[in-house]
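What follows is a short report on a single structure.
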Amino acid sequence: MSIFTPTNQIRLTNVAVVRMKKGGKRFEIACYKNKVMSWRSGAEKDLDEVLQTSSVFNNVSKGQVAKKDDLSKAFGTDDLTEICKEILAKGELQVSDKERQSQLETSFRDIATIVAEKCVNPETKRPYTVNLIERAMKDIHYSVKANKSTKQQALEVIRQLKDSIEIQRAHMRLRLVLPAKEGKRLKEKLKPLLKVVESEDFDDQLEMVCLVDPGCFREIDELIRCETKGKGSLEVLSLKDVEEGDERLE
Amino acid sequence: MGHTSLDKIKALQKNPANVRNLCILAHVDHGKTTLADSLVASNGIISSRLAGKLRYLDSREDEQIRGITMKSSAISLHYASGEKDYLINLIDSPGHVDFSSEVSTAVRLCDGAIVIVDAVEGVCPQTQAVLRQAWLENIRPVLVINKIDRLIMELKLTSQEAYTHLQKILEQVNAVTGSLFTSKVLEDRAVKEERAEEDKEEGDIEPAECPGLEQVYDWSAGLEDSDDSQLYFSPDQGNVVFASAIDGWGFSIQQFAQIHSQRMGIRAEVLLKTLWGDFYLNAKAKKIMKGAHAKGKKPLFVQLVLDNIWSLYDAVVTRRDKEKIEKMMMSLGVKVMTRDSRHSDPKVLLSAICSQWLPVSQAVLFMVCDKLPSPLDMTSERIERLMSVGARRFHSLPLQTQELKTAFMQCSSDDTAPVIVFVSKMFMVDAKALPQNKQRPLTQEEMAQRRELARQRHTERLAAIQQTESGEGNGQSGSTTPATTPGGDNTIGKVSQEEEEKETFVAFARVYSGVVRRGQKVFVMGPKYDPAQGLRMVRIVSACLPPVPHLACCTMDSLYLLMGRELEELEEVPSGNVLGIGGLEECVLKSATLSTSPALPPFIPLNFEATPIVRVAIEPKHPSEMPKLVRGMRLLNQADPCAEVLIQETGEHVLVTAGEVHLQRCLDDLRERFAKIEISASKPIIPFRETVIRPPKVDMVNEDLGKQQKVAVIHQVKESDTLHLDPSGLVTLTTPNRQATVGVRAIPLPEEVTLLLEGSADLIRTLEQAGQAQREGRTLDMSTWTLDALMVLKSRLEVLLQGRKWRNAVDRIWAFGPRRYGPNILLNSVEGYQRPSVWHCLEREKGEKEGGAKAEASAIRDFDNSVVSGFQLATLSGPMCEEPLMGVCFSVERWDMNFPTQRTHLDSVTEEDSNSLDASVSESPGEAAGHPEASGKAGGAVDCYGPFSGQLIAAVKEACRHAFQAKPQRLMAAMYTCEIMATAEVLGRVYGVLGKREGRVLQEEMKEGTEMFIIKAVLPVAESFGFADEIRKRTSGLASPQLVFSHWEVISSDPSWVPTTEEEYLHFGVKADSANQALKYMNGVRRRKGLYVEEKIVEHGEKQRTLSKNK
C-alpha cells in the first residue's frame, strides 16, 4: 500500500494519458499534451519532450505505478524506456485539442486542394484557387469528417459547391475507336455519358474525340470493352481539359 | 475675373495661336495642385480664398484624404494678357512615382510643361523623372520655384542666403537638363554613325535652336558645338517664376524689372538682364555694377526683390506691426478688406496682400503664354517622332502618311483638314456628372410625372426608362411621346441595368488637326496598324468598315470640355485642343489614335517611366461573385494606363501595379467603382520545381564527403515485400497482384539539356502528336520546317548527352513529361526491349522502317501506355511538395511481366519484342518458370485497359517517386532578373536589400553620360513580394527595379538536410532550422496544399498553458 503524504507527492499537470492493455493488465504512461501525435509522426525525436515521467503506471490519475513483475511479464523486458516507447507507439489515447485542430485543418486544406485540382470554372475552363475553394467551403459550412478519406469528402464537397458557385469536374478528353459494326449502336448508348463530342470520324471505324465527366470513365470503359469484345479501344488524351498558359484580360 | 462662359471658351478654341496646352509636373508634394488651384481661382471657378486649400482638381475622395494627386485631370482656363485672350488647357498631374504613367498620359497631350521645384527640397527623384519625360516627349518646360515662404518662415534664411539657395536649385535643375542634353547628343552621335549620310538632319534636337549639332562627330567637340543655352532655365530669359502658391504670390523678374525701372529710372531691358546674377547697384553712381559677390555687396535681386518680400513677411507674420503694414500697403497700392486685416491668423492677411500685389496666376500664366509654344508651333521633329512607330523611320512611311505631317504643322481647323486625335487614357465618369444628365432636378420631376402616368399605362413607363438610358437630349425630351418605344416587360431588370451603367468611360484626348464633331465617324488605329497596308486595303474596299487588321471604325458619341470635376458638352472641337470623348469604350482600350485618314500611322506608345511590378492575386470575398470581379478587372484595365490584369494558369487573377499606393488605388477602384464587391488581395502563388542532382562532394560545412552514399541512406524508405531499393538508387517495385515488376532509376539531366527541352516544348508537343497519330495508323502532316527543327533538336540533344552513361540515350527516349512535353525524360533501358523511340515518326518520314510500323503500332501501346502514364503522373507532382519535376531522367531498367494463367498479348508485339520479354521474364525465374508461353491475343487485349493497367500505372508512378527520393533531391526556384537603375549614393542600400532577399548581383555598370548605375541581379520569385516597394523606400525613390522572369535555379541546400557531423553541429546547431531556405519554401508549399508538414504542434511540452488548477 502506498502512503499518501503531501511531501512525497509529485503532481503532474497537463497530462495526456496513453493506455495499453497487454497481458490482461492495463498500463498507462503520462505524457504531455499535443505531443504524442508528433512523436508518432516522427517530428518529435526527443522522448523527454513527450513523457512527463518515464515510469509506467497502472493508473495515472491515481498515481499507481505498475509492478515490475507485471511489466516484465507483459513486455518481456523491464527497460522502462523501451516499454514507454511501445506504449507510445501502440497505445490508445485521447487526441488533444491542438492535435485535433491541426488534423482537421490539414484535411480541410487537403480537401480544398483536391477540389481545386479536379475542378474548373466551366465558363473560363480555368481552375479555381485553393484559397477560393476554402472560402467557398467555409461559406457552405462544410465540416470535415475525420474518419472519411479526403478524396471521398472532396467529391462530396464538389457536389455541394455546385449550388453556390460555378464549378464542375474538369472533363477528361478521350478518344474512342469503335469498329464500324458496333459503332452506331454503341454511339447511342454512349451518348448520355459524353459531355461534348469534339470530333467524329466515320470511315472503316468510328473514331471520336470527346470530353466526359471523369466519373463516367469506368462506365464508358466497361461499355466499350463488353460491347465490342475487345475490338474497340479507348484512350485518355488528357486527364484534365483546362486552359493552359496565362491570359491577359483586355 | 468673373466666370468665363462656355461660349467664350468655344470662341477661344477656334484660334489655335492663342491656345496653350500645358501640364504641371513635379515631385510629389511640391505644390502642383495648389498652384493649379490658384490658376483655377483666377478664372473665378473657385474662390481665391480657398485656393490652395480646396485642391479643386483632386476630385477623388482618396485623393482628398491622402492629400496626393492620383490621376491627371484637365481644366480649360481663360487668360487675358493685354489685348490678347488666351485659352489655357491645363492638366494637373500626380507626382508620386506610382502614378508616373498618368504623367505620361498628360505630357503626350501637351506642348509645354510647368515644372515645379520646392525651394527647400530642391531637385528630387521625380523632378528628374518628369524633366526626362518632358524631354523625351519634346515639350518645352518652364520652371516655377515654389514654396519660397518656407525659406522665410521655416528655415529663417536671410534674403542673401535665400538668393544663394535659389541659385543652387536653379543649378541643380539645369544640371539635370544638361545631362539629358548630353546623353541625347551622345545617343544621336551613335545613331548617326550607324545611319547613312542623308539622314543627318534627323539627329538634331530642335533645328532652330541647335544649328551646330549637325557637325557632331567627335563627342567632346559635339558637346561644345551644340548650342544648349536655350534649354536652360534662367530668370533673365523669363522662363522662371518664383512663387509661393499657398500664400498666393509669385513673380517673374520681368514684373520687378518693370516696377523698378519706373522707380529708379533704369531701363527695363537693362534691369531685366541684371536683376538675376552677380550684379549690384552702386547707389552713389546710380549704376549697376558687376561682381557683387566679390565685393560683398547685395546682389540686385536681393536688394530689389527679396528684401521687399522679406520685410513684408517680417511685418505681417513675425512682428505683426500694424502701422508698418499700413504703410507698406499704401506704397504697394493694395487695399485689403477689414475682415482680412482683423483676422487673427496673420497668414490670411498676408495672402490677401500678396495675392493683390503679386498674384501668382498672373505671373505663371503670363510666362506660359509668353514662353510656351502654341499648337501651331509644333516642331517637325516631334511630329516625326510621334508618327514613327518602333524602329521605323519617318522617311520609310508611305507618301500619304508623310503628307499628313503638314496637317500637323498647320494644325488647321478647316473642314478639309484630316482629323487627327490622340487618346491618351480612358477615365471613368459618373454618369450623373455628364452634362446630358445635368438638368437633374428637372428630369427627375419629369420622371416623377411620367412615373405617375406610367402606373396606369405600362408602355409609357417603359419608354420613360428608355429615355433615361439613352441619356442624350434628356432635358428636351419632355415633349416626345413615349408611346412608340418598344420594350419587353421586365422593367425592373432594365432599371437595375440602368443603375449599373451609371459610370461611363470618357477618353482623354487632344485634337492635332481638323475639327472634331459630335457623331463623327473616325478610324481607330491599333498600335500595330500599318498605314501602308491599310491604305492598300481601304482603296480596294472603300467602305466604312474595312477588314484591315488593327483598324476599327467608331463614332464619337459626345464631346466634352474638361473642366476638372465637371464636363461641358460641346458640338465641335477645333484643332489644338484637349477634349473628352464619350462613346469610345467599345473600341479603345487604353490609348488610341483616331483619324479620318487611314494613312495615319498610330502614334508611338506612351513612354512609361514606371513599369508595373507589384503583383498581387485578387479574389472575391464570396466565390460566387467571380464574374463580377472579372468584369471589374476588365474595366480597371481599360481605365488605368499602367495597371495590368491577367489570369494565370493556376486560375489566379493577378493584378500588376506600379507600386503600393497605385495598388491601393486600384483595389479601392475595384471595390467601389468597377466590381462593386468585396475583394481580398494576397501574395500570389509561387511556383517551384523539383529535381535531383548528382550526389554532392562536400557537406554543408565544406567537408569532403568522400565516397559514402550518405544521401541515399537517409532517404532509405522502409522496404516492403513489393518494394526493393538497391544502394545505387535502382528502385524495383512489383504491382500488388505480382504480375509486373518495374525497376527505375532517377538520373539528373545536365542543365543544358533541361534548358533545351524547356525551350522546345512546342516542338516536342508536335512530335508527340505526330507519334500518337502514327500509332493509330494515321499520318499527321508536319511541315518541313518542323521536321528540320526536330532533327536539329535531336542532334543537339545527342551532342549534349555525351558520356558512357548516356550512350544511345537519345534514341532510347521513351517519352517526355509531364504532359508529354515537359523537361523530363523517360528512358528505355530495359535490356532487349525495343520499342520505337519518340523520334520514330521522323525516321518513318525519311522512309525507313516502313513495313513494321503498322504491325507494331497497335500492339505496343497496350502496356507501354501505362508506363508512360505512370511516368507522366510522377513528373507532374514530385514527392517533395507535389510540384512538377524538372530536369530528371527516369531510366526504366527492368520491366517484367508474368501472368499466372497466360502470357498474353505481349507476344503480339513484334518478334524481337517477345524475345526480349522472354529474356527478361527468365530473369525472375521463380515466378515465370512455371508458366508456359500460352499465347492469347484476344485475352490480353481485353485486359489492356482494365484494372491491371491501373495497377501498372500506379506501380510505375510509385517506382519513379521512390527512385527520385533515392537521389539527393532539390527544389528549384523561379528567378527574376532584376534590373535596377540607381544613383551612386544609394548603391549600398540597393545591395543591402538584394542581399536580404537572397538576390545575387550579376553585374553593375555605369550608364554613359549620366551618373546612374545599372545593376543586374537575380532574385528568387519567392522573395520578390514587396521587393520593389522596399527598395524604393530604402533608397528614397532613387532606385527603381524592374523584374522579369528569367529561369529556374536549383536551390543548393537540401530540404531534408539535418546536421550529422560534429562540424555541422558546431556550425548550425542541433536543429539547423535557421539556415535551410529550401526547407522553408518546401514547408510553405506543403502547408498551403494541406500536405503533411513535419513540424511539432507545440515546441515544448512543458511550456503549454496549464489547464487544471495547480494545487
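Taken together, the values in this text are just the output of simple stated rules run on the coordinates, not laboratory data. Quantities reported herein were computed from a predicted structural model and do not represent experimental measurements. In this analysis, Cβ positions are derived from the backbone assuming ideal geometry, glycine residues included, and neighbour counts consider all displayed protein chains.
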Practice task
Give the residue from B:80, B:105, B:136 lying farthest towards the positive end of the charge dipole for segment B:73-152; charges sit on Cβ (+1 for Lys and Arg, -1 for Asp and Glu) and the dipole is referred to the Cα centre.
Solution key: B:136
Completion exercise
Count of lysine pairs, segment A:172-238, Cα-Cα under 19 Å, sep. 8 or more residues or interchain, comes to 12
Problem - Histogram of C-alpha separations across chain A, 10 Å bin width, % - result: 6, 21, 17, 15, 13, 13, 9, 4, 1, 0
Completion exercise
HN-Hα couplings for segment B:670-676 via Karplus (6.51, -1.76, 1.60; θ = phi - 60°), in whole Hz with x for Gly/Pro, come out as 4, 5, 9, 10, 8, 9, 6
Problem - Principal axis box of segment A:16-94, alpha-carbon based, largest edge first, Å - result: 33, 25, 18
Exercise for the section: Quick one: which residues, 5+ away or cross-chain, put their amide H under 5 Å from the amide H of residue B:374? H built at 1.01 Å from N. Expected result: none
Completion exercise
Averaged over the residues of A:124-131, the number of partner chain Cβ atoms within 10 Å of each residue's own Cβ comes to 6
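All other residues with a Cβ under 13 Å from the Cβ of residue B:71 taken together, and with Lys, Arg as +1 and Asp, Glu as -1, what is their net charge?
Details: positive: B:32, B:55, B:60, B:66, B:425, B:565, B:665, B:673; negative: B:58, B:61, B:62, B:63, B:92, B:98, B:102, B:640, B:668, B:669.
After counting each charged neighbour, the total is -2.
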Problem - Distant-in-sequence amide H partners of residue A:44 (H built 1.01 Å from N, under 5 Å) - result: A:39
Completion exercise
Per residue of A:34-45, other chain Cβ atoms within 10 Å number on average 4
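Hey, what's the per residue convex hull volume over the C-alpha atoms of segment A:97-169, in cubic angstrom? Don't skip to the answer; put the middle values down first.
Working: hull volume 5.4 nm³, N = 73.
About 73 Å³ per residue, rounded to a whole number.
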Fill in the blank from the handout: Summed over the other residues with a beta carbon less than 11 angstrom from that of residue B:280, with K and R at +1 and D and E at -1, the charge totals +4
Practice task
Count the lysine pairs in segment B:964-1100 whose Cα atoms lie under 30 Å apart, taking only pairs 8 or more positions apart in sequence or on different chains.
Solution key: 21
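State whether segment B:36-168 is rounded, prolate or oblate according to the following rule on the C-alpha gyration tensor (a ≥ b ≥ c being the square roots of its eigenvalues): a/c under 1.5 gives rounded; otherwise a/b larger than b/c gives prolate, and the remaining case gives oblate.
Details: a/c = 1.33, a/b = 1.20, b/c = 1.11.
Because its axes are fairly even, with a/c under 1.5, segment B:36-168 counts as rounded.
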Exercise for the section: Starting at the first residue of segment B:1031-1040, write each ³J(HN,Hα) from the Karplus equation 6.51 cos²θ - 1.76 cosθ + 1.60 with θ = phi - 60°, in whole Hz, x for Gly and Pro. Expected result: 5, 5, 5, 5, 9, 6, x, 7, 10, 10
Exercise for the section: Just add up the charged neighbours of residue A:122: K/R +1, D/E -1, any other residue whose Cβ is under 14 Å from the Cβ of residue A:122. Expected result: +2
Practice task
Give the Rg (one decimal place) followed by the Dmax (whole number) of segment A:172-238, computed from C-alpha coordinates and expressed in Å.
Solution key: 10.5, 30
Practice task
Please list, in chain and number order, the residues 5+ apart from residue B:1004 or on another chain whose amide H is under 5 Å from its amide H, with Hs placed from the backbone.
Solution key: B:1016
